[in-house]
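Derivation of every value follows stated rules applied to the coordinates shown; laboratory data play no part. In this text, all values refer to a predicted model and were calculated from it rather than measured experimentally. For neighbour counting, all protein chains shown are included, and Cβ atoms are generated from backbone atoms with ideal geometry for every residue, glycine included.
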Amino acid sequence: MRHIVLRASLVSWIALGLCAMGGPAAEAQGVSKGSSGLPLPRFVSLKAKRVNLRIGPSTDYAVSWLYLKSGLPVEIIQEYENWRRIRDADGTEGWVSQTLLSGERTAVAAPWMRGNDVYVNLRSDSQSTASVVAKLEPGVVMRLEECTGNWCLAEAGGVNGWVAQSEIWGAYPGEAFK
């Protein structure tokens, strides 16, 4: 059987790093509420094609990183007025205006496996024995439709299928949503 292989484009994923901030991405330690009334931490995605990551919550602060791809998943870890402190899949942290973020859920296929000759399987059903409909290179960004706590229904490169929740960054372990 022939599989579709979807490759990540790292050049358009993160375009310019002006300084490194933060450490490795961490699992949600506990949920609290931000000033918006929404849970912290939580996953969202970048709405704009060009997003400045700043070292503080204002345009008066320097830009530390520049994202050039909309749809990239990020984790909101803090809120201050209309600014959100975010963390990306590589652990880089900084502040962005809430207007540049979307509630649309996206995920990255196994970013911790970049550079290895491995793939994340997108399957026809939410079972490890289901047929593989596509193989995702680590770093491929996908749109999430729903997650059950173990599996997520996703779309990547026009292909729909189920991916193990443990093989993505963009949904917490055990998190379920539609």
* Rh by Kirkwood over Cα pairs, then Stokes-Einstein D for region 34-178 at 1.567 mPa s and 4 °C, µm²/s -> 83
* **Rg/Rh (Cα only; Kirkwood hydrodynamic radius) as it applies to region 106-178** => 0.92
* Structure fact -> A correct Karplus calculation of ³J(HN,Hα) over region 162-171, with 6.51 cos²θ - 1.76 cosθ + 1.60, θ = phi - 60°, whole Hz and x for Gly and Pro, returns 9, 10, 5, 4, 6, 9, 10, 10, x, 9
* Assuming R0 = 25 Å, can you tell me the calculated FRET efficiency for the pair residue 176 and residue 118, based on Cβ-Cβ distance, to the nearest 0.05? => 0.40
* To do: May I have the convex hull volume per residue, in Å³, for the Cα set of region 28-103?
  => 79
